[in-house]
Amino acid sequence: MYELLNKINSPADLRKLDRDRLGELCEEIRSYIIECCSGNPGHLASSLGAVELIVGFHYVFDTPGDKIVFDVGHQAYAHKIITGRREQFKDIRTSGGPSGFPLPAESEYDAFVAGHASNSVSAALGLSEAAKLAGESSRIAALIGDGALTGGLAFEGLNNAGASRSDLLVILNDNNQSIDGNLGGLHNYLLKITTSQGYNKLKNKVWHSLGDSRFRAMIQRWTRTIKSWFIKKSGGDLFESLGFRYFGPIDGNDIDSVVDTLQKLRNLKGPRILHSFTVKGKGYAPAEADPVVWHAPGRFDPASGERATQERSIPRYQDVFGKVLCELAEADSRVVGITPAMATGCGMTAFARQFPSRFFDVGIEEEHAVTFSAGLAAGGMKPFCNIYSSFSQRSYDQIIHDVALPGLPVTICLDRAGLVGEDGPTHQGAFDVPALRCIPGTIISAPRDEAELRNLMYTALQHDRGPFIIRYPRGSAEGVAWEGLPLSKYEIGKAEVLKEGARVALIATGPVANRALEAAEKFGDSVGVYYFRFIKPLDTCMLRAIAERYETVITAEDGAVSGGLFGAVSEYMASNAPGVRVEALGIGDSFVAQASQSSQRAEWKIDTAGIEKILQKCLEI
C-alpha cells in the first residue's frame, strides 16, 4: 500500500527519489497519518497541511546537519515518519511510543523541543549563531504556523534575527488557523490583500464577464498571479521592515513549487522568510471542511470520516466551566471571558455565541491575555481568564506585575491542571501551584467536583482584590449534581473535615480529595481526611487541630509536591509542630512522560489504590 514510504527510513533515502515521485510520496504520507491517527488519536489537520513543506525541506536540505525547528510541534508528523520513526509512529503519544511533538532526546532530527508555541525563531536563531561560532556550515530553518506567529516571542525572535543578519530561513506556514480560527491584527494584515475591495471587484468583474467555462482556468491562473503580487508588495513590507528578505507567497501544498523555491533559497545568506499558503487538513475532505474539529478529532473511520462518539453521562470540567460562566454572565453584565486561542478546548464557545461582545479570544498570547484581563478589571469588569495550566507559565510576570501588585480582581481559571495524559511532558499542568503560591495576595483554589467549581467561580466573582486562581483537571468531573442548585459563596481559606480519624491524617486538594476519602474508608477510624479547597490562604486553624491530633500527615495533590500543598503544609508544621511527620503524594522532581491519565495517577500514587498502599505502609509503622 505504501510502495514509496516503506523505502524511506531516513531523509537520505528521500533524497535518492526521483523528484517527479515526491508528490506520490506526499500522498502516501498523508494516507499513513490518517490511518494511524484514526485508531490512535493525535493532532491530525495541522500535520496533513504541512506534508509538502516538510518533505520539500528534507529533500533540499542535508538533515540532520541542516536543521529545522518546528513551531508549533503538532504539525511535524510527516517529519517524524520520514526520519526513521515510521513504524513507531503507529504508537505515537502512547506510553513508550514517540512523543506527539519534536523531542531532541528522541531523535537527532528533532532540533529543538516544540510542545508550546512561538519559540521557533528564537531557538533557530540561537542554533544559527552557534553554528557560526563553531565554524560549522549548518543551514537552519524555522517552520512556524498554526497561529504561532501571533505570540510575542515570535516577534522578539524576528526582531533580533533581522538585526543580527544571521543566516536564518523562516518558513511561514500560513493556513488561516491556529486551533480555533486565527484572530488578531497580524492575521488580518496577512489576509487583507486577499479580501481587499479593489482586488475582489476587479476579479469579479472579469470573472462574470466571461461565461464560457473554457476561460475559467485562465482566469484562475491570472487571479493567483495578481494576488501573489499584491501580497508580496504589501504583506512583505512587514517582514522586510524587520530586516528579512521576503519571498512568496507560494502554494505550500504544491511539492514542485516548494522544492523549486527552497532550492533557490538554500544558499542565500542573511535572514529570509518564505511565505507559503497551505490548507489545514489538506487531502482529507472532512478535515479540510472543519479544521477546528479535526485538529485533534479523536478516533474516527478513515473511509467515512465518521468520528467515534463518546457517551458522556458525566460532564467534563471544561464544559462545566463554560456553562457556569454563561450562568454568571446572565446575572452580572460585568462578567467577561478571555481565552488565548483555546475557546473550544476550555469550553467557552457557548459563551462566545451568547455574549459575543463580552468574549475575547486574543490569540496565542497568554501574557497579553492576563494583562488585558487586568485592564478590563481596572475598568470595572469582572474578567474570567481561562488558560491551560502549562501555558500559564508564559504569563507569570503578568500575573505578578499586572494583577497581583495592583490588587486587581482577575479570576484565572487554570484548565488541565495536573496530569494531562498523552500530550506528554510539555503539557503536564504540574507547576502552577509552586509558581503561584509565593505571590502576595493570591488566592489558589482547587475544587473536588463540578459543584465546587461552580461555587468557586461564584465566590471569585464577588472577590474584589487580587488574582483568584481556580485550577481543575482535564477530563470528566465526578458526576455530582450541580445544575440548578443554589449558589454558595465559600469562606476564603476555609478547609473542610471529610472524615475524622485517630492515627493518620490525609490532607488533600482538588479531586484527589475524593480518592483520599475512598482509600481512607478501608481503614475505618484510623485515618482522617481533610479537604483543603484553598491551597492559599491555608486554613491554619485546621492545621493546628490536625497537628494536635495526629503524629503522621500525608498530603495528596495533582501537581508538583515541591512547593505545592506538601510544601505549604510542611512549612507550617516545621514552624508550629515540628514533631509531626509529613509525607507527600503527588508529582515528584521529574517531568512526566506521556501515558494515559489513569496510568500517570497510578504511577504517582494519587489514585485510590495508590493512596491505600501508602496508608497501609504508614499504619504498619
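Some notes on this structure:
- Residues in the stretch 99-118 that are surrounded by fewer than 22 Cβ atoms within 10 Å (Cβ to Cβ) and more than 18 Å from Ser390 (Cβ to Cβ): Pro104, Ala105, Glu106, Ser107, Glu108, Tyr109.
- Filter result for Ala117 (under 19 Å from Ala161 (Cβ atoms), in contact with a Leu (Cβ under 7 Å, 6 or more places away or on another chain) and assigned by TED's automatic domain parsing to the domain that holds Gly151): no
- Of everything in the stretch 597-621 that is loosely packed, with under 14 Cβ neighbours inside 10 Å and among the charged types (D, E, K, R), the residue that is modelled with the highest pLDDT is Lys613.
- Qualifying residue in the stretch 507-514 (condition: on the phi > 0 side of the Ramachandran plot and outside the structural domain of Ser390 (by TED's automatic domain parsing)): yes
- Look at (1) modelled with pLDDT of 95 or more; (2) surrounded by 15 or more Cβ atoms within 10 Å (Cβ to Cβ); (3) outside any loop (DSSP other than H, G, I, E, B) and you find that Phe230 fails only one, number (1).
- Any hit, the stretch 69-90, residues being basic (Lys, Arg), closer than 14 Å to Gly424 by Cβ, in contact (Cβ under 8 Å) with a residue 12 or more places away in the chain and out of contact with any His (no Cβ under 7 Å at 6 or more places or on another chain): yes
- In the stretch 90-140, of all residues being charged (D, E, K, R), in a loop (DSSP other than H, G, I, E, B) and under 23 Å from Ser599 (Cβ atoms), the one that is farthest from the chain's Cα centre (by Cα) corresponds to Glu106.
- Test: residue in the stretch 118-127 that is more than 30 Å from Gly421 (Cβ to Cβ) and touching a residue at least 60 places away in the same chain (Cβ under 8 Å): yes
- Considering each residue of the stretch 578-596 in turn, none proves to be surrounded by fewer than 19 Cβ atoms within 10 Å (Cβ to Cβ) and assigned to a helix (DSSP H, G or I).
- Residue list for the stretch 131-162, restricted to those being touching a strand residue (DSSP E or B) at 6+ places or on another chain (Cβ under 9 Å), surrounded by fewer than 24 Cβ atoms within 10 Å (Cβ to Cβ) and without any contact (Cβ under 8 Å) to a residue 40 or more places away in the chain: Ala131
- Condition check for Val527: touching a residue at least 60 places away in the same chain (Cβ under 8 Å), out of contact with any Lys or Arg (no Cβ under 8 Å at 6 or more places or on another chain), over 30 Å from Ala377 (Cβ atoms) and β-branched (Val, Ile, Thr): no
- Against the criterion of being under 33 Å from the mean Cα position of the chain (by Cα) and surrounded by fewer than 21 Cβ atoms within 10 Å (Cβ to Cβ), Gly479 qualifies.
- Filtered residue count, the stretch 535-557, keeping only those that are buried (at least 23 other Cβ atoms within 10 Å of the Cβ) and either polar (S, T, N, Q) or more than 18 Å from Leu585 (Cβ to Cβ) (or both): 1
- Residue within the stretch 259-275 that is in contact (Cβ under 8 Å) with a residue 60 or more places away in the chain, buried (at least 19 other Cβ atoms within 10 Å of the Cβ) and farther than 30 Å from Asn160 by Cβ present: no
- Condition met for Tyr490 (modelled with pLDDT of 95 or more, buried (at least 23 other Cβ atoms within 10 Å of the Cβ) and of a type in the set (Phe, Trp, Tyr)): no
- Test result for Gln616, farther than 27 Å from Ser390 by Cβ, polar (S, T, N, Q) and not assigned by TED's automatic domain parsing to the domain that holds Ser99: yes
- Applying the criterion of being at pLDDT 95 or above and small (Gly, Ala, Ser) to the residues of the stretch 4-48, the residue that is surrounded by the fewest Cβ atoms within 10 Å (Cβ to Cβ) is Ala12.
- The stretch 339-364, residues that are closer than 12 Å to Tyr388 by Cα and in contact with a Ser or Thr (Cβ under 8 Å, 6 or more places away or on another chain): Ala341, Ala343, Cys346, Ile364
- Checking Gly484, Gly479 one by one, the residue that is part of a loop (DSSP other than H, G, I, E, B) and free of Cβ contacts under 8 Å to residues at least 24 places away in the same chain is Gly484 and no other.
- Counted residues, the stretch 51-75 - those being over 14 Å from Val170 (Cα atoms) and at pLDDT below 95: 3
- Criterion applied to Asp423, Asp449, Asp432 was being assigned by TED's automatic domain parsing to the domain that holds Ala329 and farther than 30 Å from Ala117 by Cβ, and the one residue passing it is Asp449.
- In the stretch 71-89, of all residues being among the charged types (D, E, K, R) and over 17 Å from the mean Cα position of the chain (by Cα), the one that is surrounded by the fewest Cβ atoms within 10 Å (Cβ to Cβ) corresponds to Glu87.
- Tally of residues being among the small types (Gly, Ala, Ser) and outside any loop (DSSP other than H, G, I, E, B) across the stretch 427-476: 6
The values are calculated or read from the model by the stated rules, or taken from the named source; none is laboratory data. Quick caveat, the model's predicted, so the values are computed rather than measured. No Cβ is skipped: glycine too gets one built from the backbone with ideal geometry, and neighbour counts run over all protein chains shown.
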